[in-house]
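To keep things clear, I will list the structure first and then write my remarks on it.
Please treat every number below as a calculation from the coordinates, not as lab data. The shown structure was predicted, so the numbers you read here are calculated from the model rather than taken from an experiment. Counting neighbours? That spans all protein chains shown, and the Cβs are built from the backbone with ideal geometry, glycine included.
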Amino acid sequence: MSVRSLLTTGLLAAAVLASPPGYGNTVTVTATKEVTKYSTITKTASCNAPSKYTSHSKSHSPSHSTSHSSSHSTSHSTSHSTSTSATHSSITSSATSSATSKTSPSSRSSTSPASSSSTSSSSSVTTTSSSASNTNPSTTILATATATGYGLNDAAKAAGKLWFGTAADIPGTNELEDFYYMQEFNNTHDFGEATPGNIMKFMFIEPEQGVFDFTGAQQFIDLAHATDKYVRCHNLIWKSELPTWVTDPAVPWTNETLSAVVYEHVYNVVTHFGDQCYSWDVVNEALADSPAGSYDNSSIFYDVIGPAYVVDAFQAATDAVKNNSLSVKLYYNDYNIEFPGAKSIAAQNIVSELKARNIQIDGVGLESHFIVGETPSQASQTTNMQAFTALGVDVAVTELDVRLPLPPTAADETQQVADYYSTVAACVAVKGCVGVTVWDFDDNYSWIPSTFAGQGYGDLFLQPGGSNTPLVKKAAYDGCLEALTGAAESSP
Ligand code: XIL
């Protein structure tokens, strides 16, 4: 039995809740602040790290490896099936401006270049059948080409969602220099939203205390708005990818001094970007997996301030929204809250606590970094989303990918189609789920191989020839499209 099955049946949940000490599944955000000496803090990230990937694998990956991975299993069963093989030569789609309503990114942001580029330049997508240097060409199953170029974002909007979107690590990796990658990123048929994979994180935005660098983040926004994409701005307060002045201060932080840092960072950044962002992930991954639903005590913010740092961050964002009359939405974002259980309940408690304090929270991001065959069922994801929307907040699938052990087998690839289908279909079924974002769309630039040893193949496209060669659509793409169009067809 997988870890997730154990959790959902309550067996493991009961076991971990029994282990002291912890907040268990009755996590409450309180204003009580604990002052903890900084000297006990484990440093998690460094500005001097040679690359974001390096810094990530030092800091973030251990918890993710533990939390997201468990023994690989193919026992997940689902009745969904889809066509799993097709060869196709090329898809050419004429670009159209995807957002024309008053809620479109361009209309919300007067500073966005989108207003001057409402018809995006060519976004034709060239895909090829898989050949030479694919990870495992013999078992690669491909998506079916659509003659019209009708894509994931078109179908998401037809299903009543705001977008189908993607994260991209721009600027930061070589995506920007990859013609074929950028061609697909700019394909408005597939992507109507973009999330910066790294460039808005604390270490890049405020590398020195009080010194803000918005250059790269603005470049990302401009690029996304050029094809009328919404931007989910990501993220303000997280334990990882922090500058050394936060993780290793000259003078140890106190509750008061670090709370002021949280407030200043959040307030200034939300104010600066304003309504160029559709939403902000104000606090990222505050909760732990063990004991499930407790606060993650490896965060410097938790260590010094206690759970009140979550309240502080949302209060600062709320103040920025009010003082600047913004419409940007404020989200809490986390993983392992995509299915019912102690951690999801703890996230719901954060929502309730903030609302009880009249602090703005508009949504919860369900990261959805899944493992093939261990993706929660569509029903369990739907039920879980409804538990959040019942509290009066939206949900969004914010970081979807479905990784598998390399090399992929045909069985894993088929299961991956079903897993993508389950998550997208759950979002379609829940009115308050505003959209689905994949955590990049091209295996060539995925965070998975550098974070989870031996795993990969988690995205919707691959580049068999490597960087700057044509993309190939996997069958997983079809799993998403079918989940989206199935709903559209059944709608009155
Ligand atoms: C990841 C990026 O993809 C990596 O490039 C970086 O090294 C570490 O962070 N949850 C999140 C994202 O909220 O910000 C993380 O992104 C993936 C897990």
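Net charge within 15 Å of ASN323 by Cβ-Cβ distance, Lys/Arg positive one each and Asp/Glu negative one each, not counting ASN323 itself? Could you put the intermediate results ahead of the total?
Working: positive: LYS322; negative: GLU264, ASP275, ASP319.
Result for the local shell: -2.
Test of understanding: ordering LEU404, LEU460 by Cβ neighbours within 10 Å, fewest first, what list do you get? Before the final figure, lay out each step's value.
Numbers: LEU404 25, LEU460 30.
Sorted ascending by nearby Cβ count, the order is LEU404, LEU460.
Given points 7 Å out from each Cα along the Cα-Cβ axis, report the GLU177 to THR254 separation in nanometres with one decimal.
Reported label-point gap for GLU177 and THR254 is 4.9 nm.
I need the P(r) histogram for segment 294-413: all alpha carbon pairs, bin width 10 Å from 0 out to the longest distance, whole percents.
12, 37, 31, 14, 5, 0
Please compute the modelled spin-label separation between GLU264 and ASN323, points set 7 Å along Cα→Cβ, answer in nm with one decimal.
Taking the two extended label points, one gets 1.3 nm.
Enter the Cα centre distance for the pair segment 319-349 and segment 411-470, rounded to the nearest angstrom.
About 23 Å separates the Cα centre of segment 319-349 from the one of segment 411-470.
Please sort 406-417, 467-478 by packing, taking for each peptide the average over its residues of neighbouring beta carbons within 10 angstrom, highest first.
Order by mean packing, descending: 467-478, 406-417.
Using the Kirkwood formula over every pair of different C-alpha atoms, what hydrodynamic radius in Å results for segment 140-247? Mind dumping the intermediate values first?
On the way: mean 1/r = 0.0654 Å⁻¹.
Over segment 140-247, the inverse of the mean reciprocal pair distance is 15.3 Å.
Do any of LYS229/LYS343; LYS229/LYS473; LYS229/LYS431; LYS343/LYS474; LYS161/LYS329; LYS157/LYS201 go past 25 Å between their Cα atoms, and which? Present the calculation step by step, with values, prior to reporting the outcome.
On the way: LYS229/LYS343 31 Å; LYS229/LYS473 21 Å; LYS229/LYS431 21 Å; LYS343/LYS474 32 Å; LYS161/LYS329 16 Å; LYS157/LYS201 29 Å.
Going by Cα-Cα distance, LYS229/LYS343; LYS343/LYS474; LYS157/LYS201 fall outside the 25 Å limit.
Kindly identify segment 227-299 as rounded, prolate or oblate by the Cα gyration tensor criterion: order the square roots of the eigenvalues as a ≥ b ≥ c, call it rounded if a/c is under 1.5, otherwise compare a/b with b/c, prolate if a/b is larger, else oblate. Walk me through the intermediate numbers first.
On the way: a/c = 2.48, a/b = 1.34, b/c = 1.85.
In terms of gyration-tensor shape, oblate.
Considering only the other residues whose Cβ falls under 9 Å of the Cβ of VAL311, what net charge follows from Lys and Arg at +1 and Asp and Glu at -1?
Net of charged neighbours comes to -1.
ARG357 versus PHE212, label points 7 Å from Cα toward the beta carbon: distance in nm?
2.2 nm
Charges at C-beta only: +1 for Lys and Arg, -1 for Asp and Glu. How large is the resulting dipole of segment 431-491 about its Cα centre, in Debye rounded to 20?
With only Lys, Arg, Asp and Glu charged at Cβ, the dipole is about 60 debye.
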